[in-house]
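All remarks here apply to the structure that follows.
The values are calculated or read from the model by the stated rules, or taken from the named source; none is laboratory data. Computed from a predicted model, the values in this text were never measured in an experiment. Glycine also receives a Cβ, built like all others from the backbone with ideal geometry; neighbour counts cover every protein chain displayed. Please note that ligands, DNA and RNA were not included when accessible areas were found on the heavy atoms of the full protein model with its side chains. Shrake-Rupley method; radii C 1.70, N 1.55, O 1.52, S 1.80 Å.
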Amino acid sequence: MNILVLNCGSSSLKFQLIVTDLERIADNSDKRLAHGQIERIGGAAVITLTAEGKKPNRSAAPIKDMRSAVETIVRWIASDASGIDEIKSLADIHAVGHRVVHGGENFTESALITDEVLRGIEDCIELAPLHNPANIKGIVAAREIFGQGITQAAVFDTAFHQTLPERAYLYALPYQLYRRHKIRRYGFHGTSHRYVAYRYRTINNIPRENVNVITLHLGNGCSIAAIKGGNSIDTSMGLTPLEGLVMGTRSGDLDPAIVEFISAKEGLTVQEVETLLNTQSGLLGISGLTNDMRELLAEANENNDRRARLAIEIFCYRAGKYIGSYLAAMNGADAIIFTGGIGENSAEIRRLICENLSWLGVELDGQINESFIGGYEGVISTEGARLKVFVISTNEELLIARDTARLINEDRSI
Ligand code: ADP
């Protein structure tokens, strides 16, 4: 089955075309045929389209909306110019899988898209006003382009965390605020946490219920999850992705009274303060330089930049504190797993985070840690370490394609 995976943002669209089915899932032989992205939708867009094993095809063209963006991708995939042998026409794309950011309490797992499911996604717009409308536009565009009969699935960033117990998802606010407005912790990056937990159990050949791990997704956005008995029991992002770890441009945890304080001191509206916390804070805010961890490490190591070093230090300190608290929340774990752009590629950040965890039983094998860069998967702790440390590359798109194939085959092992 050839499955088109779409990740629609407010002004961008990322896609992958993946061949998968139950057999391929079982023997891990899914195959990616193409991937790419369109950025700056709504203006002079930048288009990058890559067939597997071929050079990226880059161009610029005006693209007015999500419908035109999806059309551009689909037309290229089905054209001779793409060089994708498996696809001769639209009919060779069998289903579309969508990343949907917020499923609220409506969705505890991935779902085939029906009118009712679409309404459920619409109901969550107030929880994710920037993201869910873009996801809906992608779903509607695919229906228009492929026809009403195309099978589509929604895979939610929040669904994996719907197993959180009340004590972890409720804030200590007046309870009626949860009743009235569903204000609670939802958590995000669920597809990534779920994927690496699944890889961990495959690598170690253990059943799902024996997965007791802490997963750290460290990318531009960062979150951590406590996974006990295979289920997410706590996670650092909250009602929105702003809570928790220090991120590229997001502050993560802070005293809520700071919002009003900044507002008064800087003459900003609450909304403007929220934008500041989302886009001007985190690594970028502390360093005053960049949200890019690679650049920060270079500034700290080569130019001894004090604030770059401070940003890295605060980033690692916060991550370490969360690991400690999740070990308490879970009453112990078997492993810590690093994933995401930083988690998969930066031996230095992994070292800095783990350095302070020796009392908890963490001990990295320095040489192996240094060698695990760019897609390696496996253990980086010493043989005798009480708490193991793994690096596992995340692959949210693959999980979206697999969920789509499983739903079509009515396989409930999702
Ligand atoms: P997103 O959350 O947008 O998907 P990624 O998971 O791609 O982001 O992660 C992006 C982050 O990963 C950036 O901060 C980038 O600097 C960092 N990163 C990528 N490669 C390295 C590396 N070799 N060393 C340190 N950081 C890296």
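The table for this structure:
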{"quantity": "Relative packing of 232-242, 45-55, which averages over residues the other C-beta atoms within 10 Å, highest first", "calculated": "232-242, 45-55"}
{"quantity": "Net charge dipole size for the chain [Lys, Arg +1 and Asp, Glu -1 on Cβ; Debye, nearest 20]", "calculated": "240 debye"}
{"quantity": "Surface share of carbon and sulfur [accessible, 1.4 angstrom probe, percent] for the chain", "calculated": "48 percent"}
{"quantity": "Pairs beyond 25 Å (Cα-Cα), from K14/K88; K14/K228; K14/K182; K31/K228; K54/K88; K31/K388", "calculated": "K14/K228; K14/K182; K31/K228; K31/K388"}
{"quantity": "Acute angle (nearest 10 degrees) that the helix 396-408 long axis makes with the longest principal axis of the chain, alpha-carbon atoms", "calculated": "50 degrees"}
{"quantity": "Distant-in-sequence amide H partners of L33 (H built 1.01 Å from N, under 5 Å)", "calculated": "L17, I18, V19"}
{"quantity": "Among I47, V70, L90 the positive-end extreme of the charge dipole of the stretch 36-101 (Cβ point charges)", "calculated": "I47"}
{"quantity": "Backbone HN-Hα couplings from phi across the stretch 69-77 [Karplus 6.51/-1.76/1.60, Hz, Gly and Pro as x]", "calculated": "5, 5, 4, 4, 5, 5, 4, 5, 4"}
{"quantity": "Dipole of the stretch 245-370, positive direction: furthest Cα of I342, T290, G252, with charges on the beta-carbon", "calculated": "G252"}
{"quantity": "Dipole axis of the chain (+1 Lys, Arg; -1 Asp, Glu on Cβ), positive-most option in I125, I408, S110", "calculated": "I125"}
{"quantity": "Cα Rg, Dmax, the chain, angstrom units", "calculated": "21.4, 61"}
{"quantity": "Per residue value of the accessible surface for the stretch 188-280 (all protein chains in place, 1.4 Å probe), Å²", "calculated": "41 Å²"}
{"quantity": "For the stretch 199-266, convex hull volume per residue from C-alpha positions, Å³", "calculated": "88 Å³"}
{"quantity": "Simple label model, 7 Å out from Cα along Cβ direction - R208 to L254, nm", "calculated": "3.9 nm"}
{"quantity": "Using a Förster distance of 35 Å, the FRET efficiency for I373-R75 (Cβ separation, nearest 0.05)", "calculated": "0.40"}
{"quantity": "In Å, descending, principal axis extents of the Cα set of the stretch 184-331", "calculated": "53, 41, 24"}
